[in-house]
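The values are calculated or read from the model by the stated rules, or taken from the named source; none is laboratory data. Keep in mind the model is a prediction, meaning the values are calculated, not measured. No Cβ is skipped: glycine too gets one built from the backbone with ideal geometry, and neighbour counts run over all protein chains shown. SASA here: full protein model, heavy atoms, side chains in, ligands and nucleic acids out. Shrake-Rupley method; radii C 1.70, N 1.55, O 1.52, S 1.80 Å.
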Amino acid sequence: YSREVVIGQYPDSAGSLILTGTNTSWTTMYDENWHGIFFGDYGDANLSIQDNARLYHGHGNSAYGSESNVNIDVNGIDSYWYVDGQFDMSISGKTNVNISNGGMFEVGKLTMALYPNSSAQINITGQSHESELQIRNSWENFVIGQQGSAAVKVDGSKILNYATMTIAENTGSTGLLDIHEGSWVDC
């Protein structure tokens, strides 16, 4: 475990964090605060959580810089990405998240595509609702497209949202929640 973590900090850098296998987990420290992870500060970043591995952190963001590209995969039964508090997905750059084959992303508050020209997409695929996105904090907001362009696509999977939801929050933003046959979305 560690304190604050940055993956892909400077322009033209590319960092990867890969967690694979049962009993594999990584967490940021919890002292007076639970530390965070920042994916693609000004560089590029890749996160892969596979085959029952788990990642836990307190907060974070992705694609801070306008040229940053971030790819995140949570793949396999019991593969789990947990963010206790706020996660800002694509502040100025581009983020693509795939949750598949029983993977789960659980977050306290999620805001997607914060600034103009940013883009974020979450694809949740599987069978029998095994793959899941869960937004936990009922007093917060789940925003799909704050000022940029964002999409959440669900196919045979599940979203459980305790928060209020906004699709395309500000002038010029675009938001899409695309729910396919065999999916379960509870807001």
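From the list GLY102, GLY65, the lone residue that is crowded, with 16+ Cβ neighbours inside 10 Å, part of a loop (DSSP other than H, G, I, E, B) and touching a residue at least 40 places away in the same chain (Cβ under 8 Å) is GLY65. In summary, GLY108 fulfils each of the numbered conditions (1) in contact with a Lys or Arg (Cβ under 7 Å, 6 or more places away or on another chain); (2) assigned to a strand (DSSP E or B); (3) open to solvent by 40 Å² or more (accessible area, probe 1.4 Å) with the single exception of condition (3).
When segment 1-46 is filtered for residues that are open to solvent by 40 Å² or more (accessible area, probe 1.4 Å) and of a type in the set (A, V, I, L, M), the ones remaining, listed by number, are VAL6, ALA14, ILE18, MET29. Of the residues making up segment 157-171, one or more are without any contact (Cβ under 8 Å) to a residue 40 or more places away in the chain, among the charged types (D, E, K, R) and in contact with an Asp or Glu (Cβ under 7 Å, 6 or more places away or on another chain). When segment 68-89 is limited to residues that are of a type in the set (D, E, K, R) and either part of a strand (DSSP E or B) or at pLDDT 95 or above (or both), the one that is farthest from LEU110 (Cα to Cα) turns out to be ASP73. Checked against (1) under 27 Å from VAL143 (Cα atoms); (2) among the polar types (S, T, N, Q); (3) in contact with a strand residue (DSSP E or B) (Cβ under 7 Å, 6 or more places away or on another chain), THR20 passes all but condition (1). Among the residues of segment 158-187, those identified as outside any strand (DSSP E or B), more than 16 Å from the chain's Cα centre (by Cα) and surrounded by 15 or more Cβ atoms within 10 Å (Cβ to Cβ) are TYR162, ALA168, GLU169, SER173, SER183. Search segment 68-91 for residues being acidic (Asp, Glu) and within 20 Å of GLY8 (Cβ to Cβ), and hand back the single one that is surrounded by the fewest Cβ atoms within 10 Å (Cβ to Cβ). Of everything passing the filter in segment 68-91, ASP73 is surrounded by the fewest Cβ atoms within 10 Å (Cβ to Cβ). The sole residue among SER48, SER92 that is assigned to a loop (DSSP other than H, G, I, E, B) and on the phi < 0 side of the Ramachandran plot is SER92.
Filtered by the rule that a residue be within 20 Å of ARG3 (Cα to Cα) and either open to solvent by 60 Å² or more (accessible area, probe 1.4 Å) or in contact with a Pro (Cβ under 7 Å, 6 or more places away or on another chain) (or both), segment 47-58 gives ARG54, TYR56.
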